[in-house]
Amino acid sequence: MDKDEFIWEIIKALNLSNFKWCIPSGYQELPRVNSDIDVIVSEKPIMVVKYLLNYFAGKDVGWKLVHLHKGKNCYCVFASVMNNQLDYLFLDLSQHYYYQGKKVISGDIFLEKVELFNQIPIPSVHVEFIYIFIKRVGKLQMTEEQFARLSESFYLDPTGCLKMLKLFWSDIESKQIEALVMEKDYEGLQNALPEYRNRLLTKNLLKLLSLYYCDYQLKLVKLIRRIWHSPGLEVICLGPDGSGKSTTIKEIESFISPLLKVRKYHLRSFPSKVYKGDSMTKKSPYGESKQNKLVSIVKIVIYFLTFWFGRVFITNPQKLQTRMILFDRSYHDITIDPSRFRLNCPAWFTRLISTVFPKPDLFFIFDAPTEVIQARKQEVSYEETEQQRINYLAFAEENRDTAFIINTEDGQGDTLVRVMNILFCYMEDREKVRLKVE
């Protein structure tokens, strides 16, 4: 189903639940959305996420929960591939409205008296007013459309809106805000946002200190969670030359960039400019003589140590920042196709190193019929290509839990869709395991 249908299905699921909920603003244009959808719920947000996952478990909706950012709220990222196009939806679930980790508006205020708008529960007019205003004050920006909505809400319930303002600002300041809204002075209110933000934060010193404490406490909790459950993703792409690997990697990087920042590496966990011109990264390595055993062993040991160094200090920190680490070849190519790297090591040595080599989240093994690969590239003989395919497929069988064979014979469009569906299924399954959802 497309995004509009999926949003309506989420609304239906929430309406069928046993908890109260509402969308505090931006509901007028639904199911069309330009940003995330904020939802206030009466239960803990994590319980609502579990409920939604169980609700959609038996339905073929074509959407996957690919990321879940947990803090005071639950920020859900859903993704889907429809007609070879990436689509995504951001759903922000919270029991209360928080600003910098501090509860500003209680969920009870939102849910005390809700109304229905096209089957969508919404809060009272004065509650929607104060929610929009405080959110704009916090962000120090307000569009003319948002200002128009504020004015409309104030005209509908001036007494209730003024009462809400006085909970956060002095009587004089509340009257000033009322005058700016009633006079439809958009520029005046926009220019006054920094002042109202400072007043909101410094109404008394204890609240200010509490805000900063909550903010740093929240950041610390998020950091610990990210270290324990890395939100990023590491994928290694393997396959013979001509299998369509490099082309698909470029398409993955371009395709998923609106959803995930991608960092691409070739063979090592270092930027390519660090080792440019290295003998192990030559584009046409075949046909050159092998190096002696001692040199080969030293090269592998150095490669192993530098890879771990790069993993600890470069790629792992990037994974903590919710980035996708995409490798075009890795150490596993050395064990499968040593002639590419001019290595002459004992087989037992390369196997020993592989046992202590870090494993990624996923392997993609790119494959195609030997005739197709030879038609694309003829750097090696037909027999050598056939043997490489056998070795790569055997590797996939040995790592069947994390390795997926991607047949590229049908063209790049179909290949990319298969890759993205595997990625999204893996990411949702990972979130389900972390949430203990079957």
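Readers should treat all values here as calculations from the given coordinates under stated rules, not as data from a laboratory. For clarity, every value in this text was computed on a predicted model and none was experimentally measured. Because the Cβ atoms are built from the backbone with ideal geometry, glycine has one as well, and the counts that use them run over all protein chains shown.
Restricting region 112-178 to trypsin sites (Lys or Arg not before Pro) that sit in a DSSP loop and have at most 16 other Cβ atoms within 10 Å of their own Cβ leaves Lys113, Lys166.
Length available on full extension from Asn84 to Ala57: 0.36 nm per residue minus the Cα-Cα distance, which gives 7.4 nm.
Indicate the gyration tensor shape class of region 353-432 (rounded, prolate or oblate), computed on the Cα atoms with a ≥ b ≥ c the square roots of the eigenvalues: a/c under 1.5 is rounded; otherwise a/b larger than b/c is prolate and the rest oblate. Oblate, because a/c is 1.5 or more while a/b does not exceed b/c. Is the shape of region 3-224 rounded, prolate or oblate, going by the alpha carbon gyration tensor and its root eigenvalues a ≥ b ≥ c, with a/c under 1.5 for rounded and a/b larger than b/c for prolate? Note, shape of region 3-224 comes out prolate.
Ordering Leu294, Leu14, Leu156 by the projection of their Cα atoms onto the charge dipole of the chain, which places +1 on the Cβ of Lys and Arg and -1 on the Cβ of Asp and Glu, puts Leu294 at the extreme positive end.
Between Ser354 and Glu409, the FRET efficiency from the beta-carbon distance, with R0 = 22 Å, is close to 0.15.
Footprinting exposure proxy ranking of His96, His332, fewest other C-beta atoms within 10 angstrom first, gives His96, His332.
Computed over the chain, the per-residue total of -39500 (n - 2.57) for DSSP H runs of n ≥ 4 gives a 222 nm mean residue ellipticity of -15500 deg cm²/dmol, rounded to 500. Here each label is just a point 7 Å from Cα along the line to Cβ, and for Glu187 and Asn292 those points are 8.1 nm apart. Measuring r between the beta carbons of Ala394 and Met1 and using R0 = 51 Å, the FRET efficiency lands at 0.80.
Shape class for region 231-435: oblate, because the ratio a/c of the largest to smallest gyration tensor axis (alpha-carbon atoms, square roots of eigenvalues) is 1.5 or more and b/c is at least a/b. Panel order for Arg323, Arg400, Arg434, by other beta carbons found within 10 Å of each beta carbon, from fewest to most: Arg400, Arg434, Arg323. What is the Cα centroid distance between region 107-128 and region 1-73, reported in whole angstrom? Using only Cα atoms to place each centre, the spacing works out to 17 Å. Over 22 Å apart at the Cα level, from the set Lys103/Lys436; Lys44/Lys436; Lys3/Lys59; Lys20/Lys70; Lys59/Lys261, are Lys103/Lys436; Lys59/Lys261. Listed options for Cα Rg over 2.2 N^0.38 Å are (1) 1.24; (2) 1.00; (3) 1.35. The value calculated from this structure is the one marked (1). Applying 0.36 nm per residue to the separation of Asp401 and Glu144 and subtracting their alpha-carbon distance, the gain on full extension is 87.3 nm.
Modelled label positions at Ser339 and Gln100, each set 7 Å beyond Cα in the direction of Cβ, lie 6.5 nm from each other.
In the chain, the DSSP beta bridges split such that about 50 percent are antiparallel, to the nearest 5. Potential lengthening of the chain between Asn18 and Thr202 amounts to 62.3 nm, from the contour at 0.36 nm per residue minus the alpha-carbon distance. Taken about its Cα centre, the chain carries a charge dipole of about 2080 debye when Lys and Arg each add +1 at the Cβ and Asp and Glu each add -1 at the Cβ.
Distance between the pseudo-spin-label points of Glu152 and Val33 (7 Å out from Cα toward the beta carbon): 2.0 nm.
Estimated from the Cβ-Cβ distance and a Förster radius of 35 angstrom, the FRET efficiency linking Glu112 and Glu438 is about 0.50.
Among Val33, Val356, Val312, the residue with the largest mean-square fluctuation in a Gaussian network model of the chain, with springs joining Cα atoms closer than 10 Å, is Val356.
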